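Comments concern the structure below.
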Amino acid sequence: MSLDESKLKKKAKKALNPKEVTVDVATQQMLEKAQHDGVETIFDRAVTMKACNIGAQGTCCKVCSQGPCRLPLPKGGIEGDDTRKGLCGATPETIAARNFARMVAVGSAAHGDHGRGVVETFIAMANRETEDYSVHDTEKLMEVAQYLNVPTTIMVEGEDGVKRPEMRETYELARDVGQKALAQWTSQEGEILSALQAPPARLEVWRDLDVVPRGIDREIVELLHRTHMGVDQDYRNLVKQCSRAALADGWGGSMLATDLQDIMFGTPYPMQGEINLGVLKEDHVNILVHGHEPLLSEMIVVASQEPEMLEYAKQKGAKGILLAGMCCTANEILVRHGLPTAGNYLQQELAIVTGAVEAMVVDVQCIMENIANVAECYHTKIITTNPRAMIESGNTTHIEFDEHSALEDARKIVRQAVENFPNRRPGVMIPNAKEPMVAGFSKEAIKYHLGGAFRGSYTPLNDNIINGRIRGIAGVVGCNNARTMHDSGHLTVIKELLKQDVIVLSTGCSAMACGKAGLLAPESAKVYCGPGLAEVCETVGIPPVLHMGACVDNSRILMAATEVVKAGGLGKDISELPAAGSAPEWMSEKAIAIGHYFVASGVYTVFGNGLPVTGSPKFQKFLFEELENLYGGKWDLELDPYAHARKMIEHINKKRAALGLDKGKERVLVDMAARRELDAA
Ligand code: NFS
Ligand code: SF4
């Protein structure tokens, strides 16, 4: 055999088998098409390219040019003292903690910068510098004004000379809210105001540990500084700053982004939508909005529905314009408009492989560079829109999006897509796979659904947790990861939880995996849930997995948890709730920031896929055990999805026992007196 032949054979052996890398049928079909079309995707590279073992352990340090210093864990583990050191003497725990800290910093920065963009647009809207955005939800505006300490009324003197409070003019109020929101980024001392919405007991924990964020930007910058060569060399102290930065994300950047988006675009309420690549239409101009910020996609929604644009599409031979989302942008337009979702993170290249996408419009985060290469094999236009995120490849177009000319920019983009319709190449194939789903469970929507319009409350949820119909609450969130079977981790973990009557709150790519598998349809309750949860879901008419939105909307999970604490009977702090968090297929640094703000908020949080901390047993022990003594929450890692779910359920059982809810499962309704008694206990 010649050398070339042996190489070929080796390659053939490693060829991708679509059925082994994803449980999603549409993805399998498109992978086969990609193979047929000779297009390489992330799935192919995951077969042929191995991850670096030392990096995966978190013990490769490259923060100065005397390194990289690589400190792999010896085979068989450490016996006796751990004497591994970098050139400067950095220990494995310092190195792993610094690497971890940098992930928290970048993840928090991503959400924080997204939030800043929202605030800037919000201020432009409030100043009426742009007519394209407006206040949609005045109730939410009031709520935000309240927690930002912006007065909502002014004293006005009546004809009788008596001064009475009157509501302030909407845009004037919005101006102050915008400025005050922006100040949460720039503030250098004190406490960011959005974080003060946490349950008082939680706030006390944070104050005792001195981790209440002082300002969103400050905490991220300080965290980065501390990871510079020769600064913070105490992993515990580094993690303290990780907590400040992560809390500044969850209870700051992300929360403010979500809230201001709700004011401008409306607070989500459950709506019907459809998901998977089958939402694309062969006879339509297909536009995919991919990325994260709804500022742009909201405008594209408007532009793509304008009669002149539809007329233009017809002129070009299309029956209409189909706008669908990809990744977290999909969640944003789904929960507010019910627009279709094409797929989650690992499907972005495959959407292009259909050959039916005229334009993929991207902004920031989770956009694979390879989409430009894939697009080259079809007619798809990749349009970048954010000055922060360009793709160097020659075949992408940049149409910069500015909030002052938002709708006009959006029209430009849609027009380009329409003009691209006649350029389709032969061989278009759209998988015949899509599922109906219900999504848009904001904290307000959950309240409404459980208690009805006039007596909306979380009490019925608490009652059902107390009486045991619902065992507990899980937040299952996060990405896909090409190193693990696409969607499989999410679905296995979630189905195990449902069987044990654990209701699931979900966002991001995880929620999309659920949607594709039918778990976001109310009818799925009787198929997948234990009898208690099934009964509750059927009575209330909700699916057992509540899709709460995009990844920034994980702040909605924090607020829902806060509402549960407030409703009473389940302890005084988030850490006392029978609840757990999970990211079975995580890959991005944002996921680490999210994981850490869940932990710092008192939640036991399990990750799948490996965590780059295993190279330092000491640091790992700190995250996986000791943090619980400080925060009531802790990290964990479990690769096997069944064991992963089991660990969450065990934790939930432990919390139920601590609340005295493990005694029998008699279905008694708990009245106010009993709840007070439980509270006092
Ligand atoms: Ni969040 Fe992961 Fe990306 Fe959204 Fe999907 S990959 S951390 S879920 S799209 S941000
Ligand atoms: Fe090596 Fe220390 Fe430099 Fe890291 S900081 S690369 S451990 S010398």
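Values in this text are rule-based calculations from the coordinates and carry no lab data. Computed from a prediction, not measured in an experiment: that's the story for all the values here. Backbone-built Cβ (ideal geometry, glycine too); neighbour counts: all protein chains shown.
Rg/Rh for the stretch 448-558 stands at 0.97; both radii use Cα atoms, and Rh follows the Kirkwood definition.
Using the Cβ-Cβ distance between A183 and S393 with R0 set to 35 Å, the FRET efficiency from 1/(1 + (r/R0)^6) comes to roughly 0.35. Computed from label points 7 Å out along Cα-Cβ, the spacing between N127 and E308 is 2.8 nm. The listed peptides 56-68, 463-475, ordered by packing as a protection proxy, come out as 463-475, 56-68 (highest mean of other Cβ atoms within 10 Å first).
Considering only A591, P200, I216, the residue lying farthest towards the positive end of the dipole of the chain is A591, judged by Cα position with unit charges set on Cβ. Across the stretch 442-680, the mean sequence separation of Cα contacts (distance under 8 Å, 6 or more residues apart), normalised by length, yields a relative contact order of 23 percent. For the chain, a crude dipole built from +1 on the beta carbon of Lys and Arg and -1 on the beta carbon of Asp and Glu, taken about the Cα centre, is about 2260 debye to the nearest 20. The stretch 442-680 has equivalent-ellipsoid semi-axes of 27, 21, 15 Å, by the square roots of 5 times the alpha carbon gyration tensor eigenvalues, sorted largest first. Restriction of the GluC sites (Glu not before Pro) in the stretch 313-365 to DSSP coil positions whose beta-carbon has at most 10 other beta-carbons within 10 angstrom yields no sites.
Length available on full extension from M155 to E625: 0.36 nm per residue minus the Cα-Cα distance, which gives 163.8 nm. Across the chain, Cα pairs under 8 Å and at least six residues apart give a relative contact order of 16 percent.
Estimated from the Cβ-Cβ distance and a Förster radius of 22 angstrom, the FRET efficiency linking N653 and E538 is about 0.35.
In the stretch 277-423 the Cα-Cα distances spread across 5 Å bins starting at 0 as 2, 11, 23, 26, 24, 12, 3, 0 percent of all pairs. Solvent-free Debye calculation, one equal scatterer per alpha-carbon of the stretch 92-265: log10 I(q)/I(0) at 0.13, 0.14, 0.15 Å⁻¹ equals -0.68, -0.76, -0.84.
Straightening the chain between E139 and E166 buys 8.2 nm, computed as 0.36 nm per residue apart minus the Cα-Cα spacing.
Quotient of the Cα radius of gyration of the chain and 2.2 N^0.38 Å, N being its number of residues: 0.96.
Entry note, the chain: the mean residue ellipticity at 222 nm calculated from DSSP H runs of n ≥ 4, each adding -39500 (n - 2.57), is -14500 deg cm²/dmol after division by the residues and rounding to the nearest 500.
Taking 0.36 nm per residue of separation and subtracting the Cα-Cα distance, full extension of the segment from A15 to L196 would add 59.9 nm.
Taking Cα centre as origin and charging only the Cβ of basic (Lys, Arg, +1) and acidic (Asp, Glu, -1) residues, the dipole magnitude of the stretch 214-356 rounds to 240 debye.
Ordering H490, P543, G532 by the projection of their Cα atoms onto the charge dipole of the stretch 486-550, which places +1 on the Cβ of Lys and Arg and -1 on the Cβ of Asp and Glu, puts H490 at the extreme positive end.
DSSP bridge analysis restricted to the chain gives an antiparallel fraction near 25%, rounded to the nearest 5. Restriction of the GluC sites (Glu not before Pro) in the stretch 377-473 to DSSP coil positions whose beta-carbon has at most 15 other beta-carbons within 10 angstrom yields E392, E400. Using Cβ point charges alone (K and R +1, D and E -1), the dipole size of the stretch 146-215 about the Cα centre works out to roughly 220 debye. Of the chymotrypsin sites (Phe, Trp or Tyr not before Pro) found in the stretch 391-485, those in coil by DSSP whose Cβ has at most 12 other Cβ atoms within 10 Å are F454. Highest-first packing order for the peptide set 212-220, 622-630, 526-534, 308-316 is 212-220, 526-534, 622-630, 308-316, based on the mean count of other beta carbon atoms within 10 Å. Which Cα, out of H292, T380, I321, lies furthest along the positive dipole direction of the stretch 277-423 (beta carbon charges, K/R +1, D/E -1)? The listed residue farthest towards the positive side: I321.
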